[in-house]
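This report concerns only the one structure given below.
Throughout, read-outs are computed from the coordinates displayed, never taken from laboratory work. In this text the structure is predicted, and so the values were computed from the model without any measurement. FYI the Cβ positions are ideal-geometry reconstructions off the backbone, even for glycines, and counts take in every protein chain you see.
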Amino acid sequence: MLNKRIVIERAGGVEVLKLIEEPIPQPKANEVLIQVRASGVAFGDILFRQGISPATYPMTPGYDIAGEVEAIGSAVTKFKTGDTVAGFSGTGGYTTYICLPENQLTTVPDGLNPEETVSVVLNYTAAYQLLTKAAGLKSGNSILIHGAAGGVGTAVLQLAKILGIKAYGTVSTSKIALVEKEGGIPIDYTKTDFVEQIRLLTEKGVDAVLDPIGGNHLFQSYKALNKKGRLVVFGVSSAVKGEGNPKIRLIKAMLPFLLLKLTPDSKSVVISTISTKTKGLQEDMAKMVNLLNEGKIKPIIAKAFPLAQAAEAQLFLEQTKPVGKIILQP
């Protein structure tokens with residue numbers, strides 16, 4: 001039996017994604033070998049593919065996986081063969097087998113399907129950290145989330161409801177009902193100015209704005225804050241679009257962040273990222289899996305693709321901005 005894995009051969013369009021076959025990897029002392037049942041597709045994968053995020057090629061994208069333990073390294077103590085697990089890989093998730101350190105994994109209760117399970121690893125863990133750590137929000141606070149119908153956006157809406165945080169979300173007209181269903185207050189960015197709408201709805205502005213877009217969009221997000229509000233930048237999707245050098249596009253997407261950092265007022269601007277070194281990663285993943293098991297959160301699956309159709313999956317994310325999470329099924 002061989003491992004099947006998607007690799008990015010070089011920076012470029014989806015044509016640089018290739019399916020390869022190779023021997024199944026073997027776990028090191030502190031690692032767990034997992035047979036992957038589902039892996040997630042994220043905008044961060046596209047940033048790697050386009051050469052916007054630093055990468056050494058060939059490389060395999062994929063932040064999150066769910067599957068079963070096939071073997072364990074000699075120093076592993078938390079997991080055993082046959083366990084169902086979910087893990088944050090950071091990269092490497094587009095594969096049928098993967099070895100991950102045990103501190104990047106959490107146990108999954110029996111009965112949870114892998115598609116929903118993998119959806120909570122990146123999206124809900126990131127959303128929880130955005131709300132509670134990056135934005136520092138508590139019950140009674142308010143937030144504006146851009147891209148409220150996406151994978152992280154819907155996670156933010158569901159978790160905000162649990163945490164008692166009033167959530168506003170920008171979406172296109174067709175997705176208004178979804179935001180309302182998830183407990184948020186929709187703002188149709190195609191028909192209204194979201195800054196004006198936030199002012200009408202809140203008078204003083206929101207306590208925090210979560211912005212995955214970057215670029216000049218950050219200036220508008222900043223205006224939606226109240227006097228002591230916090231702008232949290234957690235993505236640069238604006239850098240994906242356009243022509244020219246991807247590094248230059250990234251600089252343009254981040255320059256407004258630097259300018260806003262220098263603004264002499266009582267508002268604050270921060271960047272929030274999630275990685276294998278994120279403090280509290282394993283604990284927060286476990287919290288999200290428990291919420292899923294208790295039925296308190298319900299991930300929305302936009303579409304599932306076979307592993308071999310990773311290119312189609314990325315195009316679907318890039319071009320349609322779908323509702324919920326995109327999944328690869330190895």
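P(r) for the chain, from all Cα pairs and a bin width of 10 Å, is 6, 26, 34, 23, 9, 1, 0 %, short bins first. For the stretch 210-220, the Karplus equation 6.51 cos²θ - 1.76 cosθ + 1.60, evaluated at θ = phi - 60°, returns couplings of 9, 10, x, 9, x, x, 5, 4, 5, 4, 5 Hz by residue, with Gly and Pro reported as x. Taking the number of Cβ atoms within 10 Å of each Cβ as an exposure proxy, the fewest-first ranking of 316, 48, 219 is 219, 316, 48.
Listed here are the pairs 181/298; 138/166; 138/175; which of them are more than 20 Å apart at the Cα? The answer is 138/175.
Using the Cα atoms of the stretch 122-271 to build a convex hull, what is its mean projected area in square nanometres?
Convex hull of Cα atoms, orientation-averaged projection: 8.6 nm².
From helices alone, the chain scores -8000 deg cm²/dmol at 222 nm; the rule is -39500 (n - 2.57) for each run of n ≥ 4 DSSP H residues, then divide by the residue total.
Annotation: the antiparallel percentage among DSSP beta bridges lying fully within the chain is about 55. Converting phi to 3J(HN,Hα) with the Karplus coefficients 6.51, -1.76 and 1.60 and the offset θ = phi - 60°, the stretch 84-98 yields 8, 9, 10, x, 9, 8, x, 9, x, x, 7, 7, 8, 9, 8 Hz in sequence order, with x at every glycine or proline. Exposure proxy ranking for 182, 115, 312, 243, based on other Cβ atoms within 10 angstrom of each Cβ and starting from the fewest, stands as 243, 312, 115, 182. Exposure proxy ranking for 124, 222, based on other Cβ atoms within 10 angstrom of each Cβ and starting from the fewest, stands as 222, 124. Using the Karplus relation 6.51 cos²θ - 1.76 cosθ + 1.60 with θ = phi - 60°, the per-residue 3J(HN,Hα) values for the stretch 188-203 come to 7, 6, 7, 10, 9, 7, 5, 5, 4, 5, 4, 5, 5, 7, 10, 6 Hz, with x marking Gly and Pro.
Alpha carbon centre of the stretch 156-202 versus the stretch 62-113: separation in Å? A separation of 35 Å, based on Cα centres. Have a look at 137, 165, 213 and report the one farthest towards the positive end of the charge dipole of the stretch 122-271, computed about the Cα centre with Cβ charges (Lys/Arg +1, Asp/Glu -1). So the residue furthest toward the plus end is 137. Treating each Cα of the stretch 85-182 as one equal point scatterer and applying the Debye formula with no solvent, the log10 of I(q)/I(0) at q = 0.16, 0.19 Å⁻¹ comes out as -0.77, -0.96. Distance from the C-alpha centroid of the stretch 232-254 to that of the stretch 257-330: 18 Å, rounded to the whole angstrom.
Amide H contacts under 5 Å for residue 96: 4, restricted to partners 5 or more places along the chain or on a different chain, H placed in the peptide plane at 1.01 Å from N.
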